[in-house]
1. Of everything in region 76-92, what is of a type in the set (Gly, Ala, Ser) and under 16 Å from Ala123 (Cβ atoms)? Give them in sequence order.
2. For a quick check of your reading of the model, give me the residue pairs whose first member lies in region 98-120 and is assigned by TED's automatic domain parsing to the domain that holds Gly25, whose second is not in a helix (DSSP H, G or I), with beta-carbon atoms closer than 6 Å and at least 6 apart or on different chains.
3. Looking for whichever is within 18 Å of Val87 (Cα to Cα), exposed (fewer than 14 other Cβ atoms within 10 Å of the Cβ) and at pLDDT 75 or above here; the options are Val150, Val133, Val154. Which one fits?
4. Find the residue count for region 137-162, including only residues that are in contact (Cβ under 8 Å) with a residue 40 or more places away in the chain and among the aliphatic types (A, V, I, L, M).
5. Identify the residue in region 73-94 that is surrounded by fewer than 15 Cβ atoms within 10 Å (Cβ to Cβ) and within 18 Å of Trp114 (Cα to Cα) and, among all such residues, is modelled with the lowest pLDDT.
6. Does Thr179 fit the bill of being at pLDDT 75 or above and hydroxyl-bearing (Ser, Thr, Tyr)?
Amino acid sequence: MTAHGSGLDSVFLGLRVSLHLLVLGLVVLVVAMAGQAGMPAAGVIICLSAVLLGTYATGTLVAYNLPSRSLPGWALAWTAALSLEWVVLTVFSPEAIYLLFPLFFIYLHLLPGWTGPAAIALATGIAIVAFGVHRGFSVGGVIGPVIGAVVAVVIGLAYRSLTREARERDLLIAELQDTRTQLAAAERAAGVLDERGRLAREIHDTVSQSLSSIVLLLHAAERSADSSAAVRMRVGQARDAATQALGETRSFIDELSPPALRQTTLVEALRRLAAETDAASGV
């Protein structure tokens, strides 16, 4: 039986533990009542009970470590082995008939489609015949296994529905977590773009404007008639440095601008955005 990563884990765990305890208790009952059969039948009953309990325990442990793709074949073989051992045990012990009840849940949980109910119907018929052979045929010997089968089917179907809902809930939670991760990534990207835009505006409004003003003033000073040659040379050097710094600042602003505007104009970027919106939504 598979586990579910949801809040229903405790429910599924309780159901599995209850089934294991039920099988163990019924096997203990069969062994305890084996003395009434006398020897050598009592020895046979004890040996068969040990084999059945070992098969059940081994299969339960293997199920938790087996790859999911191998579960169908394993489930069929394990169920067939348990059923055969149970049938042989009912030949010697009438108390073994009670093991039919946990077998019902195994059939419903492991056998696919209609094979589960069909196995329950077949096992119910075997139980009725075995009870009649040991205790005599009676109305109670027929109604008892039938009522047990009906109750097991109802409980099994409820468990299957609960399992399906838990699986759907797990898928929904996984999708919500993926969506939340995508939204967080989108928010981080939007934050980065906003910060880049803010830096570009700040640099453009402060450093870039100041450098432009310096270049203009140096041009004016260089053209002044009363400036000496040495002054004009120094002014030209300052102008060249300011021009270089202005070019680097504008390059930095271009790198901070949105990718869609780096190699194109605003009008072309808007046209491309409108075309993408039209293709995506038809608006």
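The values are calculated or read from the model by the stated rules, or taken from the named source; none is laboratory data. Just so you know, these numbers come straight off a predicted model, no measurement behind them. Counting neighbours? That spans all protein chains shown, and the Cβs are built from the backbone with ideal geometry, glycine included.
1. Going through region 76-92, the residues of a type in the set (Gly, Ala, Ser) turn out to be 77, 80-81, 83.
Result: Ala80, Ala81, Ser83.
2. If the second residue must be not in a helix (DSSP H, G or I), the pairs left are Ala119/Leu111.
3. Working: Val150 fails: within 18 Å of Val87 (Cα to Cα); Val154 fails: within 18 Å of Val87 (Cα to Cα).
Step by step, each of Val150, Val133, Val154 is checked, and only Val133 is within 18 Å of Val87 (Cα to Cα), exposed (fewer than 14 other Cβ atoms within 10 Å of the Cβ) and at pLDDT 75 or above.
4. If we filter region 137-162 for residues that are in contact (Cβ under 8 Å) with a residue 40 or more places away in the chain, which is where we start, we get 145, 148-149, 152-153, 155-157, 159-160, 162.
Applying the additional criterion that residues be among the aliphatic types (A, V, I, L, M) yields 149, 152-153, 155, 157, 162.
Qualifying residue count for the region: 6.
5. Going through the qualifying residues, I end up with Gly73.
6. Details: at pLDDT 75 or above: yes; hydroxyl-bearing (Ser, Thr, Tyr): yes.
So Thr179 passes the test.
One line per residue, one yes/no per condition, for (1) among the hydrophobic types (A, V, I, L, M, F, W, C); (2) at pLDDT 70 or above; (3) under 25 Å from Leu246 (Cβ atoms); (4) out of contact with any Lys or Arg (no Cβ under 6 Å at 6 or more places or on another chain):
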| position | (1), (2), (3), (4) |
| --- | --- |
| Ala184 | yes, yes, no, yes |
| Gly191 | no, yes, no, yes |
| Arg196 | no, yes, yes, yes |
| Ser224 | no, no, yes, yes |
